[in-house]
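Just below is one structure, and these are the notes that go with it.
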Amino acid sequence: MTARGRGMRGDRRHCNVYIMADEQRTVYAGITNDLARRVAEHKSGGAQTFTARYGLRKLMYFEETPSADAAISQEKQIKGWARAKKLALIATMNPEWDDLAAMWESPPDPSLRSR
């Protein structure tokens, strides 16, 4: 499944609230109108950000909202929660703590290899 197949790429009418984490379950909540791009940015770890500093490279939770205002409101609400409540939210969608973006990453097509 791809992020595009889920209607999560660059749609200005919709935004996504998401949570990134690491193996120690340090979490970060954010919003974006292009989930696949934003997750790729977090995974690259290039910028001097909270997610780069703590190695938060796994997408643990996301939800689509009808507007940027709704996403901002939901993000603020999540950021105000206690850690235990954030972990419980993740468990509703992702009880195994799998990287939800891993299914978007497909292996290279061997037919495209240079000879």
| Alpha carbon convex hull of the range 23-83, volume per residue in cubic angstrom | 89
| Between SER67 and ARG53, 0.36 nm times their residue separation minus their Cα-Cα distance comes to what? | 2.1 nm
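We did not get these values from a lab; they are worked out from the coordinates using the rules stated. The structure presented is a predicted model; accordingly, all values stated were derived computationally and were not measured.
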